[in-house]
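Q: Quick one: the structure is below, and I'll ask about it shortly.
The values are calculated or read from the model by the stated rules, or taken from the named source; none is laboratory data. No experiment lies behind these values; they were computed from the predicted model shown. All Cβ positions, glycine included, derive from the backbone under ideal geometry; neighbour counts span all protein chains shown.
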Amino acid sequence: MTSAIQQPEPIDNIDHVWLAQDQDQDQDQEISINWFYQNKEVAKIPLVIKNDDWCTHSHKILNKTQFTP
C-alpha cells in the first residue's frame, strides 16, 4: 500500500493503517483500496473494519483487453 502516486510510482510503503481512536467503537469504519494502472484509477475496493482485531487483503485481476484502444 502507499499513501499516494507520483510520476506514476508509489511514494512510500504503508504496512500498517491506524484508525482514529475517538470513533465510537460500535460504529464500523471503512477504508478503501484504490487500484491504478498507468496512472489511472481502475478500481476502488471498500473494506469495512468491524473491530480492533482485523486483517484484510485486496487483489485485482487486470485483463489487458480492458486497456487497449
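Q: Out of (1) modelled with pLDDT of 75 or more; (2) surrounded by fewer than 10 Cβ atoms within 10 Å (Cβ to Cβ); (3) outside any loop (DSSP other than H, G, I, E, B), what's the single condition that is false for SER32?
A: (2)
Q: Can you tell me which condition SER58 does not meet? The list is (1) at pLDDT 75 or above; (2) more than 10 Å from the chain's Cα centre (by Cα); (3) among the small types (Gly, Ala, Ser), and all the others hold.
A: (2)
Q: Take the stretch 35-55 and flag every residue that is at pLDDT below 75 and exposed (fewer than 11 other Cβ atoms within 10 Å of the Cβ). Steps first, please.
A: Initially, the stretch 35-55 is screened for residues at pLDDT below 75, giving 51-55.
If the condition is that a residue be at pLDDT below 75 and exposed (fewer than 11 other Cβ atoms within 10 Å of the Cβ), then ASN51, ASP52, ASP53, CYS55 are the ones that fit.
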